[in-house]
Amino acid sequence: MTVTACLKLLMLPAVLIGALAMKDSAAAQDRLPDGDVAKLRHNGTTYVAWYGTPTDRYGHAILGDGIEGGSLHLKVGGKAYAVILPQDQVFEDRTPRIVDLNGDGQPEIVTIRAFLSAGASVAIYGLQGDQLVELASSRSIGRTNRWLNIAGIADYLGTGQKQIAFVETPHIGGTLQIARWQGNKLKLTHALRGFSNHKIGAREQNLSATVYADAQALPYVILPSNNRKILHIVGYKDGKIESLGQKALAAPVARHVPRAQTEADCAAFELENGQRTQMCASDINAG
């Protein structure tokens, strides 16, 4: 399906669009050209999610091109679900994240959704009855062409429910935000400036990692500084989030390397010069 065809489809009534999305398997398979598929096996059920309906209606090109997702698709077992965004929104993201945020046994889908006039926000979708619907979202940044990138999802605050960590405006004075799901809102509870987990125009979004010191301790998020040449390990302490340790690097961080670390409390990263480095929970207060 071409971008023009997608735009024509989005001019149809919302109810008809939903019906078409559910019945037309070809439309459901029309994924982003650079998008990946998320998969999760949870409580014996397989969940698969991806972005579809490529559209050029935003043109921000923060991820390397001007094509973003106009729809979100989910398959659970043999059933398919879809959400088609209105014309003033896109998914400015490459791969959705499937995670059980509130521990109720049914996973949610965490996305980066952007408003054409107000920039990006974090939006959570999930199943209600036989429909895939929006469950909650953070406030948008407030200006067009302003983006955020998710850094991790874990119970960083020790509340018993997972929070979403993301860097707001990672290319212009990035701020690490911690968001808690409350009702139909994602409430921003803690913030810390001075981070970036993305290189402008790059496809790679995975420049951070969550690690655990031990089973009793709260998790930490490891992510780069503004210039991506220092790794920080950030945790919750005395009612606030703060950098608990730093590691200077020979070159900017290019990506996190999943499964490369040898210990659960460490994370491995590849630098732009091709070298690899590792940061661990034991590096707290090492910098």
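The values are calculated or read from the model by the stated rules, or taken from the named source; none is laboratory data. This is a predicted model, so every value here is computed, not measured. Here Cβ is always computed from backbone atoms with ideal geometry, including for glycine, and neighbour counts include all displayed protein chains. Just so you know, the surface numbers come from the protein's heavy atoms only, side chains and all, with ligands and any DNA or RNA stripped out. Shrake-Rupley method; radii C 1.70, N 1.55, O 1.52, S 1.80 Å.
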Whole-Hz ³J(HN,Hα) from phi, Karplus 6.51 cos²θ - 1.76 cosθ + 1.60, for region 150-155, glycine and proline x: 5, 9, x, 9, 6, 8
Percent carbon-and-sulfur accessible area, region 100-150, ignoring ligands, DNA and RNA, probe 1.4 Å: 39
P(r), alpha carbons of region 56-137 - 5 Å bins starting at zero, rounded %: 3, 14, 26, 24, 16, 10, 5, 1
Whole-number accessible area per residue in Å² for the chain, which is evaluated in the context of all protein chains at 1.4 Å: 44
Three semi-axes of the equivalent ellipsoid, region 82-190, Cα gyration tensor, whole Å, largest first: 21, 19, 11
Kirkwood-Stokes translational diffusion coefficient of region 157-225, alpha-carbon pairs, 37 °C, 0.692 mPa s, µm²/s: 248
Ranked by how many other beta carbons lie within 10 Å on average, peptides 157-166, 251-260, 113-122 from highest: 113-122, 157-166, 251-260
Cα long-axis angle, helix 14-23 against the chain (0 to 90 degrees, to the nearest 10): 80
Accessible surface of Tyr81 - all protein chains present, 1.4 Å probe, nearest 10 Å²: 20
Region 182-260: radius of gyration over Cα atoms, expressed as a fraction of 2.2 N^0.38 Å: 1.20
Principal semi-axes in Å for region 138-273 [√(5λ), Cα gyration tensor, largest first]: 22, 20, 12
Mean Cβ count within 10 Å, highest first, over the residues of peptides 202-209, 267-274: 202-209, 267-274
Pair Arg259, Thr277: separation of 7 Å Cα→Cβ label points (nm): 2.5
The chain pair-distance distribution - Cα-Cα, 5 Å bins, rounded %: 1, 6, 12, 16, 18, 17, 13, 9, 5, 2, 1, 0
For the chain, calculated [θ]222 nm from helices alone, where every DSSP H run of n ≥ 4 adds -39500 (n - 2.57): -2000 deg cm²/dmol
